[in-house]
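Visitor: Right, I'll just put the structure down here and ask away after.
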Amino acid sequence: MSISHLLPGRLGFGTAPLGNMFRAIPDDEAAATVQAAWDQGIRYFDTAPFYGAGLSEIRLGDVLAQHPRDAYVLSTKVGRVVLDETEDPAARDLGEKGGLFEHGRPNKMINDYSADATLRSIEDSLKRLRTDRLDIVWVHDVAQDFYGDEWLAAYESARTGAFRVLTRLREEGVIKAWGLGVNKVEPLELTLDLDEPRPDAFLLAGRYTLLDHDRALQRLLPAAAEHDVDLVVGGPYSSGILAGGAHFEYQKAPAAIVAKVERVKTLAERHGIGIKAAALQFALAHPATAAAIPGATRPGRIAEDLAALDEKVPEAFWTALREEKLISADAPVPTA
């Protein structure tokens, strides 16, 4: 049930920013960023209809269409269907993520985890991505941050709709793997408790990072390892705050988080390493983690990520983080 054999490396490319997250990115800059990832050996790309109402998929597809389909691994998501009708992107109700893609396409999106909508979503994604197949499909955002108290109803709709369709498509060989793509731990714990269907992996954004990992460590990751369900870490830089940005959890970072990052940064500087290296290598150190997929909107960021992956981080740095209680005592750390 693992996806490690599918993934071409431990570093992939998360394309949420290409949907004009936080800012309007020129088409040529978006294309150059994807091409930079390709040129530097990245071969796993993740996207979703939600990212700019199809904009990320279109931009990614335009570049990947120039390369052989067998040369890369592609994942997208289901749960939202993009319509031809338009609306004001800034006025959408996105739960805790309000205004996230206000610079994206104005196409209306509807939340729908039913079997029919899942098949339609896949068909639409294939067109936007200009490809004939998907490798991995994630069921997107069936969690509290988008649905509040109604999240269990959304989850149940996905369990009886999307989960079953994706299981069938996997059995038929149409897709190679499926799982959930969320920003919360609880839906994943719930899924591992089901007798069936059985996902192959989870894409968890923001919940296994230097800044936030306690909850995932307690129950989710041991259970995932037990069920041979891999974890792909999304948002290893916690929406950018761990990579020199100002956002945490897709919003402006609160003062307490900024202060914590400063403490980590001080220790990193003392040990002569970059905070990006610390963040990326921490996320990948857990044995359940198959890959991390940081996002980028500028070509130069890809080289930074690859350098961060290879940077030598002294053991003393991880010890210092533990001593200052900046990471959990139970969190696995990279070994030299």
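Visitor: Can you give the Rg/Rh ratio of the stretch 64-106, where Rg is from the C-alpha atoms and Rh is the Kirkwood radius?
Guide: That ratio is 1.12, to two decimals.
Visitor: Give me the mean projected area, in nm² to one decimal, of the convex hull enclosing the Cα positions of the stretch 202-248.
Guide: One quarter of the hull surface, i.e. the mean projection, equals 3.0 nm².
Visitor: Moving on. Scan the stretch 283-336 for trypsin sites (Lys or Arg not before Pro) in coil per DSSP, keeping those whose Cβ has at most 10 other Cβ atoms within 10 Å, and list them by number.
Guide: K312, K325
Visitor: Another question, then. Taking all pairs of distinct Cα atoms, average 1/r, flip it, and tell me the Kirkwood hydrodynamic radius of the stretch 251-336 in Å to one decimal place.
Guide: Evaluated over the stretch 251-336, this radius sits at 13.9 Å.
Visitor: Here is a further query. Rg(Cα) of the stretch 9-133 divided by 2.2 N^0.38 Å?
Guide: Its radius of gyration relative to the 2.2 N^0.38 Å reference: 1.03.
Visitor: Let me ask another. Taking the full set of protein chains and a 1.4 angstrom probe, give the accessible area of E156 in square angstrom, rounded to the nearest 10.
Guide: 80
Visitor: Taking Rh as the Kirkwood radius, which is the inverse of the mean 1/r over Cα pairs, what is the Rg/Rh value for the stretch 76-127?
Guide: 0.98
Visitor: Can you pull the one-decimal nm distance between simple spin-label points at S2 and E29, each 7 Å off the Cα toward Cβ?
Guide: Taking the two extended label points, one gets 4.0 nm.
Visitor: OK, next. Please report, for the Cα atoms of the chain, the Rg to one decimal and the Dmax as a whole number; what are they, in angstrom?
Guide: Cα-based Rg and Dmax for the chain come out at 18.8, 56 Å.
Visitor: Would you mind computing Rg(Cα) / (2.2 N^0.38 Å) for the stretch 182-336, counting N as its residues?
Guide: Dividing the Cα radius of gyration by 2.2 N^0.38 Å gives 1.02.
Visitor: Taking Cα centroids, how far is the stretch 160-214 from the stretch 289-336 in Å?
Guide: 24
Visitor: Now for a different question. Per residue, how much accessible surface does the chain expose to a 1.4 Å probe? Answer in Å², no decimals.
Guide: For the chain, the solvent-accessible area averages 40 Å² per residue.
Visitor: On a straight-distance basis, which lysines could pair with K108 in a cross-link, Cα separation under 28 angstrom, same-chain partners fewer than 8 positions away excluded?
Guide: K77, K97, K127, K184, K252
Visitor: Another question, if that's okay. Dipole of the stretch 180-326 (Lys/Arg Cβ +1, Asp/Glu Cβ -1, origin at the Cα centre): which of F202, L221, A268 lies farthest to the positive side?
Guide: It is A268, whose Cα lies furthest towards the positive end.
Visitor: Could you give the Stokes-Einstein D for the stretch 78-172 in µm² per second, using the C-alpha Kirkwood radius, 25 °C, 0.890 mPa s?
Guide: Diffusion coefficient, whole number: 173 µm²/s.
The values are calculated or read from the model by the stated rules, or taken from the named source; none is laboratory data. These numbers come from a predicted model, not from an experiment. Methodologically, a virtual Cβ is constructed for each residue, glycine included, from the backbone with ideal geometry; neighbour enumeration extends over all protein chains shown. Areas reflect the complete protein model, heavy atoms only, side chains present, ligands, DNA and RNA absent. Shrake-Rupley method; radii C 1.70, N 1.55, O 1.52, S 1.80 Å.
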